[in-house]
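One structure is given here, and the rest of the page talks about it.
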Amino acid sequence: MSEVTESHTTTTTTTTGENTETIVTTTTTTTTTTEETTSVSALADAMDKYTLIPEFGGQGISYWTELQRLYAASETNATRAFIDTAAQALLEESSTEEAKASVAFEAIIDVHSWLKSLEIGDAPAELALDRVYFSMPLLVLTQCANYLNFLDTAGVTHESVVKNSTTAVGHSQGVVSAVIFS
């Protein structure tokens, strides 16, 4: 429930001969609303009018800085929770003996500590984030987090976006995100 109070003051002065009369009138209006109102984006209102084709880029995009910005901007929403959960899963998986024994192993993927300790635009020292060992999971993480952020910001659901999409496309590693979207 919300309450709004408005006050309006009107001053009227009348002069008749030598007599001047001033009347001050104050009107106060209080409005109480018992229904909750929901703000919805223009996209959500017009969702059925559009046909969407989500497109996910490949390894060449600057995913790391984008992930850092998303993380910094999403302190309290589902995007931050998703990034934290995925970061923990990547840390656990890349820390296993099986992962360390792989010829593809380069380092433990500790996204959470990198996001917490580095300035936006800075990458972890001595790691080549453009190599597939890092770029594949981190690119998909970034694109999925970005999509969740879009859903939250636009006020739409995944189901409504899928319903209004004719296809989803991805270039190179972006194909993985397109499949996840579908």
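Derivation of every value follows stated rules applied to the coordinates shown; laboratory data play no part. Please read these numbers as outputs of a predicted model, since none were measured by experiment.
Results, tabulated for the structure shown:
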| item | result |
| --- | --- |
| Residues of type lysines that residue 49 reaches as a straight line, Cα spacing below 24 Å, ignoring anything fewer than 8 places off in the same chain | 163 |
| The range 42-181, relative contact order [Cα under 8 Å, separation at least 6], % | 47 |
| Chain lengthening between residue 169 and residue 77 when straightened (0.36 nm per residue, less Cα-Cα) | 30.4 nm |
| Contour excess over end-to-end distance, with Cα ends at residue 132 and residue 19 and 0.36 nm allotted per residue | 31.6 nm |
| Chain lengthening between residue 107 and residue 89 when straightened (0.36 nm per residue, less Cα-Cα) | 5.0 nm |
| Cα gyration tensor shape of the range 42-181, rounded if a/c is under 1.5, else prolate or oblate by comparing a/b with b/c | prolate |
